[in-house]
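The values are calculated or read from the model by the stated rules, or taken from the named source; none is laboratory data. These numbers were taken from a predicted model, which means no experiment stands behind them. Note that we place each Cβ from the backbone using ideal geometry, even for glycine, and neighbour counts take in every protein chain shown. For accessibility, only protein heavy atoms count, side chains too; no ligands or nucleic acids. Shrake-Rupley method; radii C 1.70, N 1.55, O 1.52, S 1.80 Å.
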Amino acid sequence: MADISAVEIQVLFFAKARELCGKKESQLLIPSATSYDNLLDEIVQKFSLEPIRDNLILAINEEYATSESEVHLKEGDQVAVIPPLSGG
Amino acid sequence: MADISAVEIQVLFFAKARELCGKKESQLLIPSATSYDNLLDEIVQKFSLEPIRDNLILAINEEYATSESEVHLKEGDQVAVIPPLSGG
Amino acid sequence: MDFVKIVNSKLSVEEISNLVSSPSCGAISLFVGTTRDNFENKQVVHLEYEAYVPMAEKAMKKVCEDIRGKWQVEHIAIYHRLGIVPVMEASLVIALSSPHRAESLQAVQYAIDTVKSSVPIWKKEVYASEQAEWKENTE
Amino acid sequence: MDFVKIVNSKLSVEEISNLVSSPSCGAISLFVGTTRDNFENKQVVHLEYEAYVPMAEKAMKKVCEDIRGKWQVEHIAIYHRLGIVPVMEASLVIALSSPHRAESLQAVQYAIDTVKSSVPIWKKEVYASEQAEWKENTE
């Protein structure tokens, strides 16, 4: 039996995402097993990121996540909202 | 009628050519109209450059000369003996 | 060696060049990204950079690894500055040393392209008379 | 602007980088040629450079002209050092600035190749235990 409990993760915001939601980081309660798209939906809704929804990717524990993948999260995991890169 | 008088040119030596002939520059009396190959022959013989004869090109007044071309020289012209380049 | 650093202060091209110099190398190739005073006819006052620092450092180390898989280079330095970077100052310095020149010349181009496309760093362009804008690397 | 110079003293990467920096440019690409401590398993003590100076300066200016015919670059600097250049020190520094990075990256590669093949400068490699040799650019 899959153990789909709710876990509290840390969400980080950068650049435009940080400005839209007005903070650098926050907490989010989320099922420990979910899909990339669900996780993105939750974050976009909760943190008012609709304007840039189609231009975001998520990084989970400092690794870029791939859309349409299964996501397994545990307490304290770090999910970062990554707008289009523009370093250099 | 072509005026083929003898002119005195300045000859400059660099790198291996300078070491072989033992000087940085010299004078040479040469017909004012000649061929590239004759000019090269004269210089190679006069200044003991036989060991590197096939690896030289001449520059006339700071322009690379092309083999098999006609050469017109006037008094005081500068001919440089250019071994293979190795700057950088 | 790989020197990867995210700093909040001015970058020195000389220091970073010295960092990668090596007695066994005949070539150092460097790229310096600087703040340009204009974008599409808008006057740029400065750029402001922010990074997801630990992930950015990881990504920069990954760029170094990838380079070593492709070219024989001796030392690699990738330095990125954060915060406000005034016009003409450097936001990014990449330096690579190699025994022969071809390697470092090819690798520096790969390095800058890959830093731009893979490292979580963002710049906001601040204009003289319009609202600031977060940029997107496209080049 | 074109900065072309043949000098008998140490080259400063920072100075030459500053020379080409421009408010309208977002990129500076640099190449530094340094003395390597070995060649075909022979220990190199230092390099000794000599030039046909006035012709070399002309040829370096010609390289700048050619670059401007091919790429949109802002400033170009080509500095070559003569005399003894110890291991790890620079004999050649090329720096170019451009609005966008592609131009200066492409141009720097062309610049170094063309300097090596067209500028009347020669180097002698001085070894620890064998006779010194005049080199020939082939790469």
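This table checks each residue for (1) in a helix (DSSP H, G or I); (2) among the aliphatic types (A, V, I, L, M); (3) under 30 Å from D:Lys123 (Cα atoms).
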site: B:Ile4; (1), (2), (3): no, yes, no
site: B:Ile9; (1), (2), (3): no, yes, yes
site: B:Leu12; (1), (2), (3): no, yes, yes
site: B:Leu20; (1), (2), (3): yes, yes, yes
site: B:Leu28; (1), (2), (3): no, yes, yes
site: B:Thr34; (1), (2), (3): no, no, no
site: B:Asn38; (1), (2), (3): yes, no, yes
site: B:Glu42; (1), (2), (3): yes, no, yes
*Hey, can you tell me all the residues within segment C:26-43 that are open to solvent by 10 Å² or more (accessible area, probe 1.4 Å) and aromatic (Phe, Trp, Tyr)?*
C:Phe39
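Table: residues versus (1) away from chain C (no Cβ under 11 Å); (2) open to solvent by less than 10 Å² (accessible area, probe 1.4 Å); (3) aromatic (Phe, Trp, Tyr).
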| site | (1), (2), (3) |
| --- | --- |
| D:Ala59 | yes, no, no |
| D:Gly69 | yes, no, no |
| D:Tyr79 | yes, no, yes |
| D:Glu89 | no, no, no |
| D:Ser104 | no, yes, no |
| D:Asp113 | no, no, no |
*D:Ile78 is checked against (1) closer than 24 Å to B:Pro83 by Cβ; (2) part of a helix (DSSP H, G or I) and fails just one. What number does that condition carry?*
(2)
*Search segment A:51-77 for residues that are within 12 Å of chain C (Cβ to nearest Cβ) and pair each with any residue that is open to solvent by 70 Å² or more (accessible area, probe 1.4 Å) and of a type in the set (Lys, Arg) when their beta-carbon atoms are under 8 Å apart and the residues are at least 6 apart or on different chains.*
A:Ile52/A:Lys16; A:Glu62/C:Lys58
*Show the residue pairs that are 6+ apart or on different chains and have beta-carbon atoms under 8 Å apart, the first residue being within segment D:72-86 and without any contact (Cβ under 8 Å) to a residue 40 or more places away in the chain, the second being assigned to a loop (DSSP other than H, G, I, E, B).*
D:Gln72/D:Pro99
*Taking C:Ile121 as the residue in question, decide whether it is within 14 Å of chain A (Cβ to nearest Cβ) and either within 16 Å of the chain's Cα centre (by Cα) or within 19 Å of C:Ser9 (Cα to Cα) (or both).*
yes
*Which residues, counting only those in segment A:25-41, are in contact with a Leu (Cβ under 7 Å, 6 or more places away or on another chain) and open to solvent by 60 Å² or more (accessible area, probe 1.4 Å)?*
A:Glu25
_Condition (residue is aromatic (Phe, Trp, Tyr), in contact with a Lys or Arg (Cβ under 9 Å, 6 or more places away or on another chain), under 18 Å from D:Ser17 (Cα atoms) and not in a helix (DSSP H, G or I)) applied to segment C:123-133: is it met by at least one residue?_
no
*For residues in segment C:44-57 being assigned to a strand (DSSP E or B) and open to solvent by 40 Å² or more (accessible area, probe 1.4 Å), which is nearest to the other protein chains (Cβ to nearest Cβ)?*
C:Glu48
*Which of the residues spanning segment D:1-43 are of a type in the set (Asp, Glu), part of a helix (DSSP H, G or I) and out of contact with any helix residue (DSSP H, G or I) (no Cβ under 8 Å at 6 or more places or on another chain)?*
D:Glu15
